[in-house]
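In what follows, a structure is listed as structure tokens, so that the remarks can point back to it.
The values are calculated or read from the model by the stated rules, or taken from the named source; none is laboratory data. Keep in mind it's a predicted model, so treat the numbers as computed, not measured. Glycine gets a Cβ as well: all are built from the backbone with ideal geometry, and neighbour counts include every protein chain shown.
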Amino acid sequence: MPELPEVESVRRGLAAHVPSRTIVQVEVLQPRSVRRHLQGPDDFASTLIGRTFGEPRRRGKYLWLPFEDGDALLAHLGMSGQFRLDTTDQPRHSHTRVAVTLDEGPELRFVDQRMFGGLALSRGGADAPPEIAHIAPDLLNPTLDRRALVRRVRTRSSAIKRALLDQSVVSGIGNIYADEALWRAKVHHGRPANDLSAVTVGRLLDAARDVMEEALAVGGTSFDALYVNVNGESGYFDRSLAAYGQEGRPCGRCGTPIVREHFMNRSSFFCPSCQSRG
């Protein structure tokens, strides 16, 4: 599933093209992709026509495209959702679910192979959609209160990785960047969050911020064609991963083979020497 760097890469791509563009036509090719619009796909399409986009925004893994009238188009990419900006003479991807024709420039297409993602109209959601009010700030938010976040993490009795993945605690971190941050901070994923010192939690959060910034600089992490940016290009951070997906390969610090362990219906990758549960 796309995490913060991947969603931010998409947001930046959209920001280069859609602000001040007005919607002239909407085609809903797969009703499931607008299932949260209870009035149905035809109403969804007609409601968007004539609206003008503002600057795309993001919180954690959620992306929204504000309209100048105060509403917003809220998007969640799910496991395979993509926004593509293609010229109208380019063939549509076979998994295009919604196509938006603008008054100028390329056509905005929502592509989603597995259809766990979707689009929704957020009434009054231009500044902050009420649908994501429960989503916490992310580590790249310039107004984030780091001290308060450290305290919040340390109140959790669950495993530290579970706390990192909890979007109501801190948003944007998924399985990939959690494993990478834990490896960098030399913290075992199963240690209780409230057993860690404030210094250790701070170091871990800094590691998560740093690894996501590095991933963002190269377009995020792409393991397959399910994640690309708005130009159809893949990110390259998978080449720099130290823990995630590295089972059996030597740890970049100590040479001990990286281990894969079941965790929360996912896999955790870690170095059993550097990241002792201790």
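Among the residues here, Asp127 qualifies as surrounded by fewer than 18 Cβ atoms within 10 Å (Cβ to Cβ), more than 13 Å from the chain's Cα centre (by Cα), among the charged types (D, E, K, R) and outside any strand (DSSP E or B). Find the residue count for region 188-205, including only residues that are under 23 Å from the mean Cα position of the chain (by Cα) and not in a helix (DSSP H, G or I). Total meeting the criteria: 1.
Conditions tested, residue by residue: (1) surrounded by fewer than 15 Cβ atoms within 10 Å (Cβ to Cβ); (2) closer than 30 Å to Ala163 by Cβ; (3) not assigned by TED's automatic domain parsing to the domain that holds Ala16.
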site: Glu68; (1), (2), (3): yes, no, no
site: His76; (1), (2), (3): no, yes, no
site: Arg97; (1), (2), (3): no, no, no
site: Val100; (1), (2), (3): no, no, no
site: Ala120; (1), (2), (3): no, yes, no
site: Leu140; (1), (2), (3): no, yes, yes
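Residue-by-condition table, conditions (1) at pLDDT below 95; (2) touching a Phe, Trp or Tyr at 6+ places or on another chain (Cβ under 6 Å); (3) under 20 Å from Arg146 (Cβ atoms):
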{"position": "Ala198", "(1), (2), (3)": "no, no, yes"}
{"position": "Asp206", "(1), (2), (3)": "no, no, yes"}
{"position": "Glu213", "(1), (2), (3)": "yes, no, yes"}
{"position": "Asn229", "(1), (2), (3)": "yes, no, no"}
{"position": "Leu241", "(1), (2), (3)": "yes, no, no"}
{"position": "Cys251", "(1), (2), (3)": "no, no, no"}
{"position": "Phe263", "(1), (2), (3)": "yes, no, no"}
{"position": "Pro272", "(1), (2), (3)": "no, no, no"}
